[in-house]
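I have placed the structure first, in the form of structure tokens, so that the comments after it can refer back to it.
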Amino acid sequence: MKNIFKVISLLVIVIIYTGCAQKAETGKMIAQKTDFTYEENLKNNIDVGIVSGGRDTNPMGASQIDNYSFKEAILISLKNEGLYQENSQYRLEVTIVNFNQPLFGLDMTVGMNVQYTLIDDKTGKIIWREFIAESFTAKVSDALAGIERLKLANEGAARKNIQGLLKKLSKYKVKNIAIN
């Protein structure tokens with residue numbers, strides 16, 4: 001009986017200490033403002049369409065990135081760069097293709113592969129498509145609780161991925177050629 005009480009007590013302490021899983025926060029996924037320059041045709045001319053591939057967080061499971069939060073982080077990041085405009089000529093469609101998370105560990109690295117597709121809404125043609133793969137490691141020094149480290153790693157991977165999107169957009173030259 002004493003052993004059962006010890007095990008239950010230990011489990012209660014672990015649950016209280018680690019808490020429940022929380023989804024990645026939009027504000028922590030937003031890319032930092034850059035000094036990138038963009039082609040004039042892209043400025044205030046990109047809307048964000050469908051974002052897919054994300055997952056809702058189950059409080060009893062692992063932290064995840066949901067579609068809505070990732071879309072908001074992309075939208076705000078584009079807005080901060082002077083690229084976002086609702087109902088504009090170009091629409092950015094986003095698919096989280098792969099999201100790799102560790103089950104446990106001291107340093108937790110999350111990998112995120114995202115496909116970004118830029119569509120000319122006037123013609124419906126795909127004018128640009130890129131796959132961006134980024135990862136981020138949250139260390140024990142960032143957060144003692146594993147569940148919080150995983151959340152930080154998720155947010156960092158998303159932030160780096162959006163930063164990669166901005167870098168690729170800064171190098172893109174709008175052409176009248178579609179890649180459909």
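The values are calculated or read from the model by the stated rules, or taken from the named source; none is laboratory data. From a predicted model like this one, the values you see are computed outputs, not experimental measurements. Counting neighbours? That spans all protein chains shown, and the Cβs are built from the backbone with ideal geometry, glycine included.
If I filter the range 156-172 for residues that are of a type in the set (Lys, Arg), touching a helix residue (DSSP H, G or I) at 6+ places or on another chain (Cβ under 9 Å), assigned to a helix (DSSP H, G or I) and under 19 Å from PHE70 (Cβ atoms), do I get at least one hit? Yes, the range 156-172 contains at least one residue that is of a type in the set (Lys, Arg), touching a helix residue (DSSP H, G or I) at 6+ places or on another chain (Cβ under 9 Å), assigned to a helix (DSSP H, G or I) and under 19 Å from PHE70 (Cβ atoms). Output yes when any residue across the range 85-95 is more than 18 Å from LEU165 (Cβ to Cβ) and in contact with a helix residue (DSSP H, G or I) (Cβ under 7 Å, 6 or more places away or on another chain), and no when none is. Looking for residues that are more than 18 Å from LEU165 (Cβ to Cβ) and in contact with a helix residue (DSSP H, G or I) (Cβ under 7 Å, 6 or more places away or on another chain), one finds none in the range 85-95, hence no.
In the range 111-131, of all residues being charged (D, E, K, R) and part of a strand (DSSP E or B), the one that is surrounded by the fewest Cβ atoms within 10 Å (Cβ to Cβ) corresponds to ARG129.
Residues of the range 74-94 that are crowded, with 17+ Cβ neighbours inside 10 Å and in a strand (DSSP E or B): TYR84, TYR90, ARG91, LEU92, VAL94. Residues that are small (Gly, Ala, Ser) and either at pLDDT 90 or above or assigned to a strand (DSSP E or B) (or both) within the range 47-59 comprise GLY49, SER52, listed in sequence order. Within the range 97-110, the set of residues being under 18 Å from ASP66 (Cβ atoms), surrounded by 14 or more Cβ atoms within 10 Å (Cβ to Cβ) and not β-branched (Val, Ile, Thr) comprises PHE99, GLN101.
Looking only at residues of the range 1-46 that are at pLDDT 65 or above and small (Gly, Ala, Ser), we find that the one that is surrounded by the most Cβ atoms within 10 Å (Cβ to Cβ) is ALA24. Within this structure, LYS139 passes the test of being surrounded by fewer than 17 Cβ atoms within 10 Å (Cβ to Cβ), basic (Lys, Arg) and farther than 15 Å from GLY164 by Cβ.
Here's the yes/no breakdown for (1) out of contact with any strand residue (DSSP E or B) (no Cβ under 9 Å at 6 or more places or on another chain); (2) at pLDDT below 95:
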| site | (1), (2) |
| --- | --- |
| ALA62 | yes, yes |
| ILE65 | no, yes |
| ILE74 | no, no |
| ASN80 | yes, no |
| LEU83 | no, no |
| SER88 | no, yes |
| ARG91 | no, no |
| VAL94 | no, no |
| PHE99 | no, yes |
